[in-house]
Every structure is written in structure tokens, then in C-alpha cells.
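Novice: Handing you this structure, nothing more for now.
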Amino acid sequence: MTIRVVLADDHVLMRQGVSQMLNATQDITVVGECDDGVELIAAVLKLSPDVILMDISMPRMSGLVAIDKILSQRSDAKILVLSMHNEVEYIEAMRDAGAKGYILKESSGDSLVDAIKKVAANKTSFPDELTQPASEQCQKHISPLSVLTRREREVFFLVAAGNTSKKIAELLDMSLKTAENHRSNIYKKLNLSSSAELIRMAGKAGLLE
């Protein structure tokens, strides 16, 4: 059975290289390529791929927001994140958002193929550090995102990217009041008073895309 993949990455050379490699692999074919999160959502709904291979940092819509929108319409979607970010906070955020796997762009082609096959088989594929017992993880990493809900994490990333509440409401398809309430709740939970403080926290935690 051939695994049908939709690939999203705004770096054309990277996307074309991955696509060519996967198309040359037995049992995998790329059925769609996208430049950004908006195109990705449309492609997923149209093509119903077996695996969605996507970057985090994309124009028009971040990967985290794209994941939420995809899963809200296709709850069984199997998402594998392909990223240059190796910070545990990023990996945990994508996993908590609903991704089935996470692989670094520096990984080998064989590792990527293996991850795609695992995700297609409804298994998870994350870096080794996330397979450690929770107690060991907590000793090494304390993520500011751990106290936030899934929706609040989406708003957190959009605030960190410099978006206004009005823009966040538009991107997440919510009212301005709801966006402002989420923003206020985030500030309270993280003991912050402004977006500038949130951006500084995100930077120190390695969460800025």
C-alpha cells in the first residue's frame, strides 16, 4: 500500500528535495506540496493524505495553528512535524497539539522515511528525550507552556510572533473578546503583564520561531 503524503514547507529547495527523495522511495508518494499553512489546510481537505509532513515556521499561518485547524476538521489526521528546532519545548508543544511525530531537518533520509511509515501506521515518532520517564524530563525541562490549555498555547505563539489581539482573532476564527480573554489568562498563568514580557519569556525558553 502506498503512503500518500502532503508536504508543507515555505523553503522551496528544501521542499523540492524532500519531495524528490520521498517520491523515489518505494511505498511513498507526495500528492501535494504547499508553501504555507493556509494552502496546507486546503490540500488536506481536498486530498485526504495518509500523512501530513509539515514545518512549524510558515507564512500566513504558524504550524501550531495549522495543526489545530486540521484536527478540528479531520480528527484522524496523522501529522509529522519536520523542523529545524531541536528545543524540547517545541517538540512538546507539537505533540500536545496533536502531532503524531517530530523529526529534525538534519535527520537522514532513512530516518524520515521510517518516521513517515510509523506515523502512517498510527504510531508515534518523537526524539528519544521524550521517551524518558516523566520524572526525568521534569528534572531537565520546565516548559512555560505546561500550564496552558491547547488554545492558550496557540495564542501564546501568536502573541510571541507579534500579532495583535485583532489579528489573533482573525487567524483563530474567534471573536476579539475571546482572543483578549485568552491573552489575559495567559498573562495571569505565566505571571506576565505585557506582550513584551511574554516575548522575552518565549525567547529564553527557545520558543521563538
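The values are calculated or read from the model by the stated rules, or taken from the named source; none is laboratory data. Predicted model, so just to flag it, every value in this text is computed and none were measured. Here the Cβ is made from the backbone with ideal geometry for all residues, glycine too, and neighbour counts use every protein chain on show.
Novice: If you check Ile116, Ile56, Ile70, Ile28, which single one turns out to be out of contact with any Gly (no Cβ under 7 Å at 6 or more places or on another chain), within 29 Å of Ala160 (Cα to Cα) and among the aliphatic types (A, V, I, L, M)?
Specialist: That would be Ile70, the only listed residue that is out of contact with any Gly (no Cβ under 7 Å at 6 or more places or on another chain), within 29 Å of Ala160 (Cα to Cα) and among the aliphatic types (A, V, I, L, M).
Novice: Given (1) part of a helix (DSSP H, G or I); (2) surrounded by 21 or more Cβ atoms within 10 Å (Cβ to Cβ), identify the lone condition not met by Leu71.
Specialist: (2)
Quick grid of which residues meet (1) within 19 Å of Phe157 (Cα to Cα); (2) assigned to a strand (DSSP E or B); (3) under 17 Å from the mean Cα position of the chain (by Cα); (4) of a type in the set (A, V, I, L, M, F, W, C):
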| site | (1), (2), (3), (4) |
| --- | --- |
| Arg15 | no, no, yes, no |
| Val18 | no, no, no, yes |
| Ala42 | no, no, yes, yes |
| Ile52 | no, yes, yes, yes |
| Leu82 | yes, yes, yes, yes |
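Novice: Hey, Glu136 hits all of (1) at pLDDT below 90; (2) more than 13 Å from the chain's Cα centre (by Cα); (3) under 21 Å from Val51 (Cβ atoms) but one; which does it fall short on?
Specialist: Evaluating Glu136 over (1) at pLDDT below 90; (2) more than 13 Å from the chain's Cα centre (by Cα); (3) under 21 Å from Val51 (Cβ atoms) leaves (3) as the failure.
Novice: State whether the residues of the stretch 22-35 include one that is among the charged types (D, E, K, R), buried (at least 18 other Cβ atoms within 10 Å of the Cβ), modelled with pLDDT under 95 and outside the structural domain of Thr149 (by TED's automatic domain parsing).
Specialist: no
Novice: What's the number of the only condition in (1) at pLDDT below 85; (2) of a type in the set (Val, Ile, Thr); (3) assigned to a helix (DSSP H, G or I) that Ile142 fails to meet?
Specialist: (3)
Novice: If I go through the stretch 99-114 residue by residue, how many of them are over 19 Å from Asp27 (Cα atoms), in contact with a strand residue (DSSP E or B) (Cβ under 7 Å, 6 or more places away or on another chain) and surrounded by fewer than 17 Cβ atoms within 10 Å (Cβ to Cβ)?
Specialist: The qualifying residues number 2.
Novice: Ok, one more. Can you tell me which of (1) more than 18 Å from the chain's Cα centre (by Cα); (2) within 16 Å of Arg74 (Cβ to Cβ) is the one Met1 doesn't meet?
Specialist: (2)
Novice: Could you say which residue among Thr149, Thr164, Thr124 is over 20 Å from Ile3 (Cα atoms), modelled with pLDDT of 90 or more and among the β-branched types (Val, Ile, Thr)?
Specialist: Values: Thr149 fails: modelled with pLDDT of 90 or more; Thr124 fails: over 20 Å from Ile3 (Cα atoms).
Thr164 is the lone residue from the list that is over 20 Å from Ile3 (Cα atoms), modelled with pLDDT of 90 or more and among the β-branched types (Val, Ile, Thr).
Novice: Given the criterion within 19 Å of Glu154 (Cβ to Cβ), at pLDDT 95 or above and assigned to a loop (DSSP other than H, G, I, E, B), identify the matching residue among Ala99, Ala77.
Specialist: On the way: Ala99 fails: at pLDDT 95 or above.
So the residue among Ala99, Ala77 that is within 19 Å of Glu154 (Cβ to Cβ), at pLDDT 95 or above and assigned to a loop (DSSP other than H, G, I, E, B) is Ala77.
Novice: If a residue has to be at pLDDT 95 or above and within 16 Å of Ala115 (Cβ to Cβ) to count, how many in the stretch 36-59 make the cut?
Specialist: Summing the residues that are at pLDDT 95 or above and within 16 Å of Ala115 (Cβ to Cβ) in the stretch 36-59 gives 6.
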